[in-house]
Amino acid sequence: QVFDDQGKDVTPRPLFQPDPSSVAPKQGKILAASDYSGVTGSGFLSTISRSYASTESLADDVAEPSPRRDTSAGITDVRVRREEVKEQLTNEELDRRVDIYLTETETIWIFDMPSVVMSVEAEDAGKVLERNKIYVDVCKNRVGNERFVERMMQTLNGAPKNKEVQCDKIVTEDKGIMVTSWDLYDSFNELEIEPTSKAEGRRVTIVSSNISLISKEHDQTSSSIYGRESTTSSVMETALLAKIHEEREDHSEAILKSEKFQQDLFFMERILMENVFQPKLAVYRQLPVLIEPVATSNTGDKAAAAEEADLEKEEHEQEEREEEEQKDVFIAPSVLSNLSKAPEEFVPPSLELLWSYTCDLTSGRSVSSMAWNKLNPDLLAVGYGEFDFKEQKNGLVCCWTLKNPMWPERVFHCEHGVTAVDFSMVSPNLLAVGMYNGMVAIYNVQSRNNAALLDSSESLDKHIGPVWQLKWVEQDRGTTGDDKGEILISISADGRITKWFIRKGLGCSDLMKIKRTVGEKKKTTGEKERKSEALISRQAPGMCFDFHPKDTNFYLAGTEEGLIHKCSCSYNEQFIETYRGHKGPVYKIAWNPFSTDMFLSCSADWSIILWHQESQKPILTFSSTTAVIHDIVWSPKSVFIFVAVNESRIEIWDLSISILDPLVTRLATPKVKFTTVLFAKNTDCLLIGDSKGQVSVFELQNLGASQSNKVGGVR
């Protein structure tokens with residue numbers, strides 16, 4: 001073998017090529033013994049070295065394949081490598097674990113068939129759908145649908161030709177009319193309307209200038225067009241009148257939409273309402289009713305005035321008769337027996353209906369709460385919302401005034417039912433509204449914007465249950481510097497009494513978490529201990545609350561369990577007292593404004609209980625009917641009188657006369673349920689809300705305040 005400087009095998013190849021069909025003799029061993037016969041040790045080593053060099057040349061041949069290869073060299077290489085393996089590798093090396101890494105080669109695409117289906121959510125899905133739609137339309141429009149075949153072919157363009165024809169000559173004709181002076185005068189008088197804006201003034205000027213131009217043109221051509229057709233005159237006159245009519249409509253629409261006109265209508269409506277309701281408003285304000293004087297100018301006027309007076313008298317008598325028929329007022333026999341012992345002449349008390357706050361917006365809605373404005377005693381806020389979960393609908397808040405009992409001054413629409421409303425004392429323009437979904441909102445009644453000024457929708461600690469009551473409270477004792485003054489308190493079905501504060505938004509903090517109270521039961525002999533029942537919630541739903549009239553650091557809270565807890569604003573971990581007496585949810589608690597140690601409570605168990613704050617046992621229990629008591633309120637003029645409403649009737653109690661039966665009772669009309677009650681300010685009137693969206697105003701007749709405001713008689 002011959003190697004060059006780089007170690008490559010450059011041995012000349014034999015020209016003779018053996019016949020591949022000839023069979024070579026088999027050899028038992030890879031290398032015969034005769035190959036090494038007579039070879040010394042040094043010669044054997046040189047042979048090995050040459051063989052090893054030949055293996056390198058074989059490796060080069062593998063790297064650069066050649067059509068001719070020496071088979072003898074390959075056999076020697078195999079032999080040498082096997083001998084090297086036998087000499088170098090030990091058993092430990094043979095038993096050693098070898099890591100073999102398999103890697104993935106590049107993918108060789110042999111066949112690629114694109115899919116004809118695409119996902120609807122793909123990016124090009126819209127383009128594919130549009131293309132498919134176009135294809136369907138094309139298939140429908142083709143003749144014979146899929147049978148139509150499109151082919152292209154070359155055709156010769158037809159030679160253009162020019163053709164001329166002869167026709168009659170088009171005859172033009174001029175026509176005109178003669179305008180007289182009275183036509184111009186009448187047309188000009190139609191435009192004499194006082195413009196309300198500069199635009200209207202410009203429009204009238206332009207129209208008048210057009211008429212003047214028309215008159216000049218007609219004057220110039222009147223000599224040549226005298227006696228022409230008169231039909232065109234009527235057409236032009238009709239067009240002119242139509243234009244004037246359109247301008248009048250635009251003018252009237254602008255007047256109706258102007259703010260000045262709306263304000264004038266507002267004041268006119270108030271004047272008319274005061275004229276219509278003057279007798280009833282005088283009774284409400286305890287003023288004498290004014291009688292309109294009759295004119296005495298002549299006999300005709302006297303007769304007309306007399307007829308009008310007779311008609312008004314008949315209408316008034318008819319209204320009184322209808323009210324007497326609708327009025328179902330009863331006085332209990334025990335009350336009559338007590339009153340008969342009085343030496344004075346007894347006049348039975350009664351309730352007279354004056355008017356009702358109702359309109360189309362409130363019809364069919366249930367009155368849930370009412371509140372008077374602290375600054376304006378004529379402004380009443382009424383909340384409309386359903387108490388039942390299955391009958392929930394959008395809520396409504398209306399601000400009514402005595403100046404217009406037929407339509408509210410402000411209307412605020414809410415997404416959820418309204419459950420509580422109250423006006424602020426420090427800022428009387430702020431109205432707080434509680435809703436069935438747990439949201440608390442504050443509206444500005446001075447603004448005509450119906451959107452809420454603030455709400456608790458973004459508050460992290462907002463209520464998750466219906467807000468059954470909220471109230472603005474003045475706090476001066478037991479609070480920090482930030483909490484002094486007026487704060488808003490709310491109670492919810494999620495078992496929390498929360499105070500709200502206005503900073504960057506409407507934030508809140510818990511005043512008290514009402515914990516459930518497990519009743520203690522006495523064990524009988526031989527009775528085994530039972531495990532306490534698992535509570536669904538550790539907090540009892542709150543229903544109502546009322547702060548002490550003199551010390552606002554203390555308040556009472558009624559729960560759905562039928563318990564009344566006395567709490568303190570300075571300590572929110574435990575109740576001060578717990579009053580047990582009701583068997584159902586407590587719907588209302590009211591402190592007596594004169595005897596500040598006494599308070600009333602009403603419940604779904606058909607009862608009204610009179611309590612003393614120093615005693616955990618009821619003093620008196622009133623139960624005159626088998627109906628749920630929804631609301632109670634003390635009279636602002638007497639320590640003994642309070643009013644309660646249930647689903648079927650109104651009850652007026654006077655504890656100085658009877659503690660067994662109510663003094664006056666008025667039944668509700670069929671399919672109507674009373675929901676809430678409120679005394680009017682500075683007058684002997686009562687407001688009753690019902691389930692049909694009406695707030696009825698009643699006058700309390702012959703129901704004077706008691707002789708004494710002391711509570712000694714009650715005790």
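Taking only C-alpha pairs under 8 Å that are 6+ residues apart, what is the relative contact order of the range 570-635 in percent? After rounding, I find 30 percent.
Rounded to the nearest 0.05, what FRET efficiency is calculated for LEU290 and GLU246 with R0 set to 41 Å and r the Cβ-Cβ distance? Before the final figure, lay out each step's value.
On the way: r = 48 Å, r/R0 = 1.18.
Plugging the Cβ-Cβ distance into 1/(1 + (r/R0)^6) gives 0.25.
Counted residue by residue at 0.36 nm each, then reduced by the alpha carbon distance between them, the extension gain from HIS413 to THR621 reaches 70.9 nm. How many angstrom separate the Cα center of the range 262-277 from the Cα center of the range 639-653? What the calculation gives is 35 Å, centre to centre.
Note on the range 658-702 and the range 391-453: Cα centroid distance 23 Å, given to the nearest whole angstrom. Distance between the pseudo-spin-label points of THR90 and VAL138 (7 Å out from Cα toward the beta carbon): 8.1 nm.
Keeping all protein chains in place and using 1.4 angstrom, which order do ASP546, ASP183, ASP605 fall into by accessible surface area, from largest down? Don't jump to the answer; show the numbers that get you there.
Working: ASP546 20, ASP183 60, ASP605 40 Å².
Accessible-area ranking of ASP546, ASP183, ASP605, largest first: ASP183, ASP605, ASP546.
Full extension of the chain between ASP510 and ALA254 yields a length gain of 86.8 nm, computed as 0.36 nm times the residue separation minus the alpha carbon distance. Under the simplified labelling scheme, the GLN154-ASP112 pair shows an inter-label distance of 3.8 nm, with each label point 7 Å from Cα along Cα→Cβ. Using R0 = 60 Å, the C-beta based FRET efficiency linking THR578 and ARG131 works out to 0.20.
One chain, two ends: ARG97 and PHE188. Fully extended at 0.36 nm per residue, the span grows by 21.0 nm beyond their Cα-Cα distance. Summary of the geometry: the range 576-606 and the range 352-389, compared by the centres of their Cα atoms, lie 25 Å apart.
With a sphere of radius 11 Å drawn around the Cβ of ALA590, what net charge do the other residues whose Cβ falls strictly inside it have (Lys, Arg +1; Asp, Glu -1)?
Working: positive: LYS588; negative: ASP546, ASP631.
Taking every Cβ under 11 Å from that of ALA590, the sum is -1.
As I understand it, the dipole of the range 629-710 uses +1 on the Cβ of Lys and Arg and -1 on the Cβ of Asp and Glu, about the Cα centre. Which of LEU667, LEU678, VAL695 lies farthest toward its positive end? Result: VAL695, furthest along the dipole toward the positive end. In this structure, the pairs whose alpha-carbon distance is over 24 Å, taken from LYS499/LYS588; LYS588/LYS681; LYS374/LYS588; LYS550/LYS673; LYS393/LYS462; LYS515/LYS583, are LYS550/LYS673.
The values are calculated or read from the model by the stated rules, or taken from the named source; none is laboratory data. Computed from a prediction, not measured in an experiment: that's the story for all the values here. Counting neighbours? That spans all protein chains shown, and the Cβs are built from the backbone with ideal geometry, glycine included. Note: accessible area is taken over every heavy atom of the protein model, side chains too, but ligands, DNA and RNA are not part of it. Shrake-Rupley method; radii C 1.70, N 1.55, O 1.52, S 1.80 Å.
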